[in-house]
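> Take a look at the following structure, please.
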Amino acid sequence: MAAHQEKKTSEERKHKSTQNDTQTSQVQWGRAWEVDWFSLASILFLLMFAPLIVYYFVMSCDQYQCSLIDPLIDLFTGNKHLSDIWNKTPTLTYRAAGIYALWVTFQVFLYVFVPDFCHKFLPGYVGGVQEGAVTPAGVVNKYEINGLQAWIITHVFWFANAYYFHCFSPTIIFDNWIPLLWCANILGYAVSTFAMIKGYFFPTNAKDCKFTGNFFYDYMMGIEFNPRIGKWFDFKLFFNGRPGIVAWTLINLSYAAKQQELYGQVTNSMILVNVLQGIYVLDFFWNEAWYLKTIDICHDHFGWYLGWGDCVWLPYLYTLQGLYLVYHPVQLRTANAIGILMLGLIGYYIFRMTNHQKDLFRRTNGNCKIWGKKPEYIECSYMSVDGTKYYSKLMTSGFWGWARHFNYTGDLMGSLAYCLTCGFEHILPYFYIVYMTILLTHRCIRDEHRCFSKYGKDWKRYTAAVPYRLIPGIF
C-alpha cells in the first residue's frame, strides 16, 4: 500500500514536472509575456524618438550638408530655433502621396496576384509555395515566395522608363525624399495600429497571440505572430521584404542619377554602394525561402517594431551612404576602392556561406558534408503550445563551430564596407555600422535567451561546444 502510494506520488511529480517544462517552453518561446521596467523604458524611448532620429538624419543632409553637429550648434547658440528648421522642411505633397500610394499598391499586386515563375527557369532558386517554421502554437504556414520576381519586374520597369519611356525622372525618389518620409510614416503607423486592433478582435490564429497587458509593449512588439488577410497576404513577410527592401536598390539608383545630374558623373564610391548593397538585396530575395526560418519570421510578432521599422527605418537609414554621396561626392583611389570592394565581398561570402551551411544541414537533416566532413551537431528537443514534442539539431562544425552567429560577423564586415566608401569627413554615413553592431549584438543575446528558454539544458550543451558568439576567441 505504502509502496503503491509512493509510486503514485512519484508519477504525479513527474507529470507535474513535465507540465511545468511545457509551460515554460510555451511562455518563453517567441515574444515575452511580461515586461520589465528596462524593456518598457526602451520601448517608450524608441516610440518617442525613433521617428525624430530618422527625421534628424534626413534633415541634416537637406539643410546642413549631412553634418550632424551643425544643427545642434545652431540650436544651442540661438542662431536658429526648432521652428526655423521645421519651417524649412518640405511638407507632405499630393505628388509624393500619389507616388507612394502607387508604389505600395504595385508591390501588393506583385506579392498577392502574380504567382512566382522564376523558380521554373532559374536553377537553384527556391520560389513558389513554401512552408515556414512551426509556430509556438504548432502551426505551419504556407507562403508564396515571389520576392525575386517582384524585384526583377520592378527594376525592369525602372530601367525601361529611364532609357525609353521617360514617364518620370530617375531622380524622382531623391527629389521627393522628405515628402515621401511623411507618407512612409503614415503607412508605418497605420499598419501597426491595424495589426494591434486585428490581434484583439479578429486574429488569424488566437493561439499564436500574446498579450502582456502593457499597451506600449504590445503595440511595439506586436500581438499576432502571423497576421494575415486572406490566404496569402502575410503582413510579416510582405513588410519585411516589400516594399522597403525592393525600394532599397531603387533608392540608390535614384541617388546615382542625382549625382550624375549635379556633377556630370557617378563616382566610384557611389558605384560601390550600389553594387555592394545590391548584392545584399539580391541575396535576400534569392534566399527568401530560407528567410522563413530566421528570427524575424520564427520569433518576432508583428507590431510597430516591424511595421513602422520596415516602412521608415529601413529605407531611410539603411541608404544613408548613397544620400551622403549626393551631397559629398567621393572619388576613391583605385587601391582604396579595391580594398573596400574586397572587404564587402569577403563579408558577403562569410555571411552567405555560413547561412548556406546551416540551410544545407537543416534540409538534409545532417546527412551532408560541411568542409568535406560529416557535420557535428547536438540534438535538442522542445515543446509547442499543444504539448507536442519536437526535435532539432544544432550544428557545431563548419563556420558554426567558429562562432554561434558567424553569419552576423560577415554581415558586419559588409556593413563596414558600405560606410568606408564615404571617406572620413563626416560621421553620418557611419551610423549604419554602429547601428548594425548594436542590433546584431542585441539580436545575438535575444536569440540566445529564446533558445535557452526553448531548449533548456540542451542549449547549455551547445554553448559549451561553441563558446563564442561573433568573433572566435574574443566574443
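> What percent of all Cα-Cα pairs in the stretch 338-474 falls into each 5 Å bin, going from 0 up to the bin containing the maximum distance?
P(r) for the stretch 338-474, in whole percents per bin: 2, 10, 16, 19, 18, 13, 10, 6, 4, 2, 1, 0.
> Would you compute the Debye intensity of the stretch 123-167 from its alpha-carbon atoms alone, equal scatterers and no solvent, and pass along log10 I(q)/I(0) at q = 0.18, 0.25, 0.27 Å⁻¹ to two decimals?
Debye curve over Cα of the stretch 123-167, log10 I(q)/I(0) at q = 0.18, 0.25, 0.27 Å⁻¹: -0.67, -0.87, -0.92.
> Between the DSSP loop rule and a limit of at most 13 other Cβ atoms within 10 Å, which chymotrypsin sites (Phe, Trp or Tyr not before Pro) in the stretch 347-429 are left? Display every interim value, and only then the final one.
Details: sites: Tyr348, Tyr349, Phe351, Phe361, Trp371, Tyr377, Tyr382, Tyr390, Tyr391, Phe399, Trp400, Trp402, Phe406, Tyr408, Tyr418, Phe424; in loops: Trp371, Phe424.
Listed in order of number, the matching sites are Trp371, Phe424.
> Just how large is the dipole of the stretch 135-254 about the Cα centre, in debye to the nearest 20, putting +1 at every Lys and Arg Cβ and -1 at every Asp and Glu Cβ? Please report the intermediate quantities before stating the final value.
Working: 8 positive and 6 negative charges, 64 e Å.
That gives the stretch 135-254 a dipole magnitude of about 300 debye.
> Heavy-atom accessible area of Asp310 with all protein chains present, probe 1.4 Å, nearest 10 Å²?
We get 20 Å² for Asp310.
> Looking at the chain, identify the longest residue range that excludes and avoids all GluC sites (Glu not before Pro) in DSSP loops having at most 13 other Cβ atoms within 10 Å. The partial results should precede the final answer.
Numbers: sites that count: Glu34, Glu425.
Longest site-free region, per DSSP loop and neighbour criteria: 35-424.
> When the helices in the chain are scored as -39500 (n - 2.57) per DSSP H run of 4 or longer and the sum is shared across all residues, what 222 nm value do you end up with, to the nearest 500 deg cm²/dmol?
Working: 22 runs with 293 residues, N = 475.
When only DSSP H runs of four or more count, the value is -19500 deg cm²/dmol.
> Further question: How large is Rg/Rh for the chain, to two decimals, with Cα atoms and a Kirkwood Rh?
Details: Rg = 24.2 Å, Rh = 24.3 Å.
Rounded to two decimals, Rg/Rh equals 0.99.
> Please compute the alpha carbon radius of gyration of the stretch 90-331, then divide it by the globular-protein estimate 2.2 N^0.38 Å. Two decimals is fine.
Working: Rg = 18.7 Å, N = 242, 2.2 N^0.38 = 17.7 Å.
Compared with the compact-globule rule of thumb, the stretch 90-331 sits at 1.05.
> Still on this structure, please answer the following. Kindly express, to the nearest 10 degrees and within the range 0 to 90, the angle between helix 37-64's C-alpha long axis and the longest C-alpha principal axis of the chain.
20
> Another question about this same structure. Quick one: ranking Leu394, Leu323 by accessible area, 1.4 Å probe, largest first, what do you get?
On the way: Leu394 30, Leu323 5 Å².
Order by accessible area, largest first: Leu394, Leu323.
> Follow-up question, since we're still on this one. Measure nothing but the geometry: give the 0 to 90° angle between the long axis through the Cα atoms of 431-455 and the longest principal axis through the Cα atoms of the chain, rounded to 10°.
Long axis of 431-455 versus the principal axis of the chain: about 10 degrees.
> Also, I was wondering about something else. Might you work out the accessible area of Lys389 for me, using a 1.4 Å probe with all protein chains in place, and round it to the nearest 10 Å²?
110
> Right, here's the next one. Determine, at each q value in 0.24 (inverse angstroms), the log₁₀ of I(q)/I(0) that the Debye formula gives when each Cα of the stretch 227-272 is one equal point scatterer.
Ignoring solvent entirely, the Cα scatterers give -0.80.
> Which whole-angstrom value gives the distance between the alpha carbon centres of the stretch 96-115 and the stretch 279-294?
Measuring centre to centre over Cα atoms gives 21 Å.
> Let me ask something else. Using only Cα atoms, locate the centre of the stretch 433-475 and the centre of the stretch 303-317, then give the distance between them in Å, rounded to an integer.
Distance between centres, Cα-based: 24 Å.
> What percentage of the solvent-accessible surface of the chain, computed with a 1.4 Å probe over protein heavy atoms, is contributed by carbon and sulfur atoms? Walk me through the intermediate numbers first.
Numbers: 14800 of 22800 Å².
With neighbouring chains kept in place, the figure for the chain is 65 percent.
> Using only Cα atoms, tell me the angle between helix 334-363 and the longest principal axis of the chain; keep it within 0 to 90° and round to the nearest 10.
Taking Cα atoms only, the helix is inclined about 30 degrees.
> Within the set Lys210/Lys454; Lys369/Lys457; Lys293/Lys358; Lys207/Lys358; Lys142/Lys393; Lys231/Lys389, which residue pairs have Cα atoms separated by over 18 Å? Write down the numbers at each step before the final one.
Numbers: Lys210/Lys454 16 Å; Lys369/Lys457 27 Å; Lys293/Lys358 10 Å; Lys207/Lys358 29 Å; Lys142/Lys393 23 Å; Lys231/Lys389 28 Å.
Among Lys210/Lys454; Lys369/Lys457; Lys293/Lys358; Lys207/Lys358; Lys142/Lys393; Lys231/Lys389, the Cα-Cα distance tops 18 Å for Lys369/Lys457; Lys207/Lys358; Lys142/Lys393; Lys231/Lys389.
> Further question on the same structure: Exactly which trypsin sites (Lys or Arg not before Pro) in the stretch 140-231 are in a DSSP loop and have at most 16 other Cβ atoms within 10 Å? Before the final figure, lay out each step's value.
On the way: sites: Lys142, Lys198, Lys207, Lys210, Arg228, Lys231; in loops: Lys210, Lys231.
Passing both the DSSP loop test and the Cβ count: Lys231.
> In addition: Along each of its three principal axes, how wide is the spread of alpha-carbon positions in the stretch 87-207, in whole angstrom units, largest first?
Here the spans come out as 51, 42, 19 Å, largest first.
> So, one more: At 10 °C and 1.306 mPa s, grab the translational diffusion coefficient of the stretch 149-259 from Stokes-Einstein with a Kirkwood Rh over Cα pairs, rounded to a whole number in µm² per second.
97
> Using all alpha carbons of the stretch 369-428, what is the percent of pairwise distances in each 10 Å bin, ordered from the shortest bin to the longest?
In whole percents, the pair-distance histogram is 18, 26, 23, 19, 12, 3.
> Please say if the stretch 249-381 is rounded, prolate or oblate, where rounded means a/c under 1.5 for a ≥ b ≥ c the square roots of the C-alpha gyration tensor eigenvalues, and otherwise the choice is prolate for a/b larger than b/c and oblate otherwise? Before the final figure, lay out each step's value.
Values: a/c = 3.59, a/b = 1.67, b/c = 2.15.
Because a/c hits 1.5 or more and a/b fails to exceed b/c, the stretch 249-381 counts as oblate.
The values are calculated or read from the model by the stated rules, or taken from the named source; none is laboratory data. Here the structure is a predicted model, which means the values were calculated and not measured. Using ideal geometry, Cβ is built from the backbone for each residue, glycine included, and neighbour counts are taken over all protein chains shown. Note: accessible area is taken over every heavy atom of the protein model, side chains too, but ligands, DNA and RNA are not part of it. Shrake-Rupley method; radii C 1.70, N 1.55, O 1.52, S 1.80 Å.
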